[in-house]
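The values are calculated or read from the model by the stated rules, or taken from the named source; none is laboratory data. The structure displayed is predicted, hence computed values, not measured ones. Please note: Cβ atoms are built from the backbone with ideal geometry, for glycine as well, and neighbour counts cover all protein chains shown.
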Amino acid sequence: MIGVFRQWLAGLPAYLWGGWGAIASLLLLLAGWEFASQWLDPLALPDPRTVLATLHGLLTEGEAWAELAITGRRALTGFALSLGVGSALGMLAGLSMTASMMARPWVTVLVGTPPIGWLVLAMLWFGASDGTPVFTVFVACFPPIFIGAMQGVRTLDGQLREMAQAFALPPLQRLFDLYLPHVLSYLFPAWITALGVSWKVVVMAELLATADGVGAALAVTRSQLDTAGTLAWIVAVVGALLAVEYLLLEPVKREVERWRTLA
Amino acid sequence: MAHIGVTAPALELAGVGHAYGARTVLSGIDLHLPAGRIHALVGPSGCGKTTLLHLVAGLLPLQDGAIRNGFARSACMFQQPRLLPWKSALDNIALGLKARGVPRAARHAQARDQARRFGLDDTALGQYPQQLSGGMQSRVALARALVLAPDLLLLDEAFSALDVGLKAELYRQLLAEQARRPMAVLMITHDLMEAVRLAHAVWVMAPEPGRIATHFRFDDAPAQRSDAQVYARTAGLLDDATVRASFGLDAPAPAAPLALAAVGGLRC
């Protein structure tokens, strides 16, 4: 574990350097925004500098950090629960043909149910507590993770499974040496998708159900017709998501999947 | 079947049969493999050889008959290397040792020893399977089986996809290992020459349903056999009416049939 962390640290500068392309493309988007804002009413679309100044103000006053921390806690709690439960149940379902076939329609039902529907249910069950956004995030993140884990197990090479049986691998070794390394290549993309979902859903849940967090702050800017403030919060949330994905998940994925790139 | 003594473990099959659904693939297989001997099962594709080996390895549940495996440790090598792509060659070789609970340092040391006998250096051992050539991968697969010091080695067409040079090398290594300590080997192959080169006994299977048609003994040491001897014996086997029928070949040419006995083969 410590080894993985050290490799993560060592690989970080080269990885960040490789991010120039992404940064350039983001700056291009910013330029497009600035261009559009020249033609539109500032109430409809303020220019990026105003928005960034607003965000800077929110951050230096400290208000933004507190709200982001609350939102992040809720999103990551729901995401982590989904990650644990969804990965485990998905892998178990993948082991059995019957379970996979039975689980498929359930997951379709879950995917088809709009998050807003879950949110209303959660508000009835959990009220204004943290439980409402966390539950909504959990339910919204569950299907992609579950399906990723199930697909991963189902696609494991039967010849390798047979080999593991012939060499009498005990259950734990089978999990860590045979199933997990293969399933991870299905799980990582699913986790990244789910992480994005978690941030979107948590803000929506907060907007409607709680008195604090980024969503609640957005409700305030909406009622004050504060477009610059709204965009500032959106930039903050997207920035936090990008940071978690590209500074944490992506480098870990590269390290774990190193065997795949060496050929 | 004779009583199995404590001192001489053996593999005994009595009346083994198997069916996939309504299709019978094996019927009435009797086979005896004593310790330290190499026996080959040859037969055409689809005669149930692989099913039989899977039954012996415990990869398939036994339906009919009895298998008594008196050997304490067995290991397998398959036609494909079947290495774990996310583990280094060294960890792949040590896989079976890890399954037995051998601590990390000890299993790596044993795996390294085995690998060195196979001409795998530290660079190769640190690499992932897909970085190795096909020949290296086969060596790793054989090392993974042999490092377990099995007293029964099961080979499932293990050498059939390899070029002649690599085949010859792996034969040498197998025989060298077998000379170092008694190890029974049950190999299945569709290559008669391979069987004749390596085995003390060749069991010829016929298809539909898979059954033992006949078997031959070669009492000399496999390592001592010359190429000429191997060719002559293969030709002798190919002249045998039962063998030809098993492989679906036409009846032998009546002109000078080679006497198998003259080149050291005994029909049992």
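Annotations
- Within the stretch B:145-166, being surrounded by 21 or more Cβ atoms within 10 Å (Cβ to Cβ), over 15 Å from the mean Cα position of the chain (by Cα) and not β-branched (V, I, T) holds for one residue alone: B:L148.
- Of all residues in the stretch B:122-142, those that are of a type outside the set (K, R), under 16 Å from the mean Cα position of the chain (by Cα) and either more than 13 Å from every other protein chain (Cβ to nearest Cβ) or more than 23 Å from B:A40 (Cβ to Cβ) (or both) total 2.
- Unmet requirement for A:R260, which otherwise passes all of (1) within 14 Å of another protein chain (Cβ to nearest Cβ); (2) assigned to a helix (DSSP H, G or I); (3) at pLDDT 85 or above: (3)
A quick yes/no check of all residues on (1) among the small types (G, A, S); (2) closer than 29 Å to B:P209 by Cα; (3) surrounded by fewer than 10 Cβ atoms within 10 Å (Cβ to Cβ); (4) at pLDDT 80 or above:
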position	(1), (2), (3), (4)
B:S226	yes, no, yes, yes
B:Q229	no, no, no, yes
B:R233	no, yes, no, yes
B:P252	no, yes, no, no
B:A255	yes, no, yes, no
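- Residue list for the stretch A:124-145, restricted to those being among the hydrophobic types (A, V, I, L, M, F, W, C) and either in contact with a Pro (Cβ under 8 Å, 6 or more places away or on another chain) or surrounded by fewer than 20 Cβ atoms within 10 Å (Cβ to Cβ) (or both): A:L124, A:W125, A:F126, A:A128, A:V139, A:A140
- Any pair with Cβ under 9 angstrom, 6 or more apart, that starts in the stretch A:119-143 at a residue that is within 19 Å of A:A216 (Cα to Cα) and ends at one that is among the polar types (S, T, N, Q) and in a loop (DSSP other than H, G, I, E, B): A:A128/A:T210; A:S129/A:T210; A:D130/A:T210; A:T132/A:T210; A:P133/A:T210
- Restricting the stretch B:75-129 to residues that are closer than 20 Å to B:V185 by Cβ and among the basic types (K, R), the residue that is surrounded by the most Cβ atoms within 10 Å (Cβ to Cβ): B:R82
- A:G152 vs. criteria within 16 Å of the chain's Cα centre (by Cα) and within 11 Å of A:M91 (Cα to Cα): no
- For beta carbons closer than 6 Å, sequence separation of 6+ or different chains, a first residue in the stretch B:78-106 that is more than 8 Å from chain A (Cβ to nearest Cβ) and free of Cβ contacts under 8 Å to residues at least 40 places away in the same chain and a second that is crowded, with 18+ Cβ neighbours inside 10 Å and outside any loop (DSSP other than H, G, I, E, B), the qualifying pairs are B:L90/B:A111; B:L90/B:L125.
- Subset of the stretch A:157-177 [of a type outside the set (D, E, K, R) and more than 7 Å from every other protein chain (Cβ to nearest Cβ)]: A:G158, A:A164, A:P171, A:L172, A:L175, A:F176
Let's see how each residue does on (1) closer than 21 Å to A:H182 by Cα; (2) not β-branched (V, I, T):
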position	(1), (2)
B:A57	no, yes
B:P61	no, yes
B:I67	no, no
B:R82	yes, yes
B:S88	yes, yes
B:H108	no, yes
B:Q114	no, yes
B:F118	no, yes
B:D122	no, yes
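- Residue count for the stretch B:38-50, restricted to those that are surrounded by fewer than 20 Cβ atoms within 10 Å (Cβ to Cβ) and polar (S, T, N, Q): 1
- Within the option set B:A141, B:A149, being of a type outside the set (F, W, Y), in contact with a Lys or Arg (Cβ under 9 Å, 6 or more places away or on another chain) and part of a loop (DSSP other than H, G, I, E, B) holds for one residue only, B:A149.
- Selected residue [out of contact with any Cys (no Cβ under 8 Å at 6 or more places or on another chain), assigned to a strand (DSSP E or B) and over 23 Å from B:R244 (Cβ atoms)] from B:L55, B:L33, B:L26: B:L33
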